[in-house]
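A short write-up of the structure that comes next.
The values are calculated or read from the model by the stated rules, or taken from the named source; none is laboratory data. Keep in mind the model is a prediction, meaning the values are calculated, not measured. For neighbour counting, all protein chains shown are included, and Cβ atoms are generated from backbone atoms with ideal geometry for every residue, glycine included. Protein only, heavy atoms only, side chains kept; ligands, DNA and RNA dropped before computing areas. Shrake-Rupley method; radii C 1.70, N 1.55, O 1.52, S 1.80 Å.
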Amino acid sequence: MSEKATDTPGLVLRHPDGSSFRFDPGALCLELLPTGGPGPLAYFEVLNEPADLVRWAEESRLPDGLAAGAGAGLVVSAAEVADARALRDALWRLTEGHVRGAPPGPDDLATLNDAAAHPPLTARLTADGGRAWAAGGTGTGLLSTVARDAVDLFTGAHAHRIRACGAHDCRLLFVDTSRPGRRRWCSMERCGNRAKVRAHRARLTAGDE
């Protein structure tokens, strides 16, 4: 579960246990992953109906969400929600495989490329110099936009910086867009802070010996 708290890229992830933390995966396509996933990740599933996918789009890093401009609302069908879950699950496997250096699975590659083959959402320039979305956006167009972002990520300058969180019990994936390229954690609020606490306790324990 996520919500956009500020204009800063990234999401506030809400765990089913009630905890929350800010997470910026660095790319639109990777923002789709925390909505659920294959296998045990299905525990986190939040894409159950069309309104859920619309909500995710509005909370994502898409410029101004999809409410920018009159009549630019997103129309999503139940079939497109199923397509979103299929694309997301394929992206999980493709991204985790990329991190491990494994070749992409042919089925997952086909799912990604099929989604990218559709026309994406269309951005437009407004009279006041702003950016808005053209009316008539669909779930299929949204998924194409996400899939094309993934293609750009996997083939772009930051492809070698796609990483898994360094915590042994966290599977969140992100692209490190920081200048030094030393990001290790999904979030300093969560896994980074936990690592600092463990290191501090270890030093105290060592000091007592």
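Quick notes on this one:
- Of all accessible heavy-atom area on the range 83-133, the percent that carbon and sulfur account for (1.4 Å): 54 percent
- For the peptides 46-57, 162-173, 124-135, the ranking by packing is 46-57, 162-173, 124-135, with the highest mean count of neighbouring Cβ atoms within 10 Å listed first.
- When each of the peptides 184-191, 12-19, 30-37 is scored by how many other beta carbons lie within 10 Å of its residues on average, the order from highest to lowest is 30-37, 184-191, 12-19.
- Farthest toward the positive end of the dipole of the range 75-177, out of Ala102, Leu125, Val146, is the Cα of Leu125, where the dipole comes from beta carbon charges about the Cα centre.
- Per the Cα gyration tensor, the range 45-181 maps to an equivalent ellipsoid with semi-axes of 27, 18, 14 Å, ordered largest to smallest.
- Per residue accessible area in Å² of the range 70-125, where ligands, DNA and RNA are left out and the probe is 1.4 Å: 53 Å²
- Solvent-accessible area, 1.4 Å probe, carbon plus sulfur percent, for the range 11-64: 52 percent
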